[in-house]
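The values are calculated or read from the model by the stated rules, or taken from the named source; none is laboratory data. Please read all numbers here as calculations on a predicted model, not as lab measurements. Don't worry about glycine lacking a Cβ; one is built from the backbone with ideal geometry, like all the others, and counts go over all protein chains shown. Ligands, DNA and RNA are excluded from the accessible area calculation, which covers all protein heavy atoms including side chains. Shrake-Rupley method; radii C 1.70, N 1.55, O 1.52, S 1.80 Å.
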Amino acid sequence: MNLVQFKTAHGGRAVAVVEGGELRVVDRATTVYGLALAAVAAGEGLEKVVSERLSDETEDYEAVIAEKRLLTPLDHPDPAHLLVTGTGLTHLGSAATRDAMHVVEPEKLTDSMKMFKMGIEGGKPAQGEIGVQPEWFYKGDGGSIVPPEAPLDYPGFAEDGGEEPEICGLYLIGPDGTPWRLGFALGNEYSDHVTERVNYLWLAHSKLRTSSFGPELRIGALPDRVEGTSSILRNGKTLWSKPFVSGEDAMSHSLANLEHHHFKYDFFRRPGDVHVHYFGTATLSFADGIKAEPGDVFEIQAEPFGRPLRNPLGEKREDRPVLVRDL
């Protein structure tokens, strides 16, 4: 079952199940967040709660997309209580691009390659055991998320704006502090790879950007292998396109290990919070020498996730100093 959130023609909100070209509206629901809270309270699965509320009302999916009424498939009433994070160097082959950015002495392993090797050797522990921790980064709160079809912000201080096609996990923290996974979605973990290339210690800066995920939330387990395509469109024509692979078969870490090392921190298990966590990628247009320009459209698609995730690159904003005043 795949869910979407969207704005109604009258300016309200709705949740719907994707049924081909139609969206079947979920009755008595305006947010997936509310449905998830209800599922936790009832001790039932999200799919069961949704199925019990399906109505006869439908919307045309293409019209919702064309009219830019799509929302991300999960959000929080207070954006400050939605945390956006991610892990890197998690996919087989993901170290090659990163390593090329930071090689100083070819005969020595970069920190990126060392981290990747640690994941290969200890990222998939046996059940009940804890594996090696991955690279981890923070991207922002709910205010950093833009919905599908909306432009990704291009700040004046950015050196670049590039896509990262990924799968992200979507989570709700229950009343007792238990992390509940609602499902998975396609994500564009949009980043500044030129800034990162200057010095790997600037990775944290390069990740503090807007990002997008959706348009559909896939309830249930992630397939062991997910095959998709990442593309950049310029003036309606394909500028660059490349397949990407995700899922545990293509990863050096298990999802359980990545989730453990995120939620092991007590302050990431605050009841009522929502977490969007990007799981990494091995495919970047940046690695092929592509530089996206304002107006280019990033398009990420993979069959289990329904319609593609599309976002244009916004116009670059003017960079101005931020002045702090004494109080």
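Here are a few things to note about the model shown:
- Only residues that are open to solvent by less than 10 Å² (accessible area, probe 1.4 Å) and in a loop (DSSP other than H, G, I, E, B) were counted across segment 293-327, and they come to 1.
- Segment 196-207, residues that are closer than 24 Å to residue 299 by Cβ and either open to solvent by 20 Å² or more (accessible area, probe 1.4 Å) or more than 14 Å from the chain's Cα centre (by Cα) (or both): 196, 206
- Count - residues of segment 112-171 that are in a helix (DSSP H, G or I) and without any contact (Cβ under 8 Å) to a residue 60 or more places away in the chain: 7
- Some residue of segment 253-261 being open to solvent by less than 70 Å² (accessible area, probe 1.4 Å), in contact with a helix residue (DSSP H, G or I) (Cβ under 8 Å, 6 or more places away or on another chain), of a type outside the set (A, V, I, L, M, F, W, C) and under 29 Å from residue 150 (Cα atoms): no
- Some residue of segment 208-227 being in contact (Cβ under 8 Å) with a residue 24 or more places away in the chain, surrounded by fewer than 15 Cβ atoms within 10 Å (Cβ to Cβ) and part of a helix (DSSP H, G or I): no
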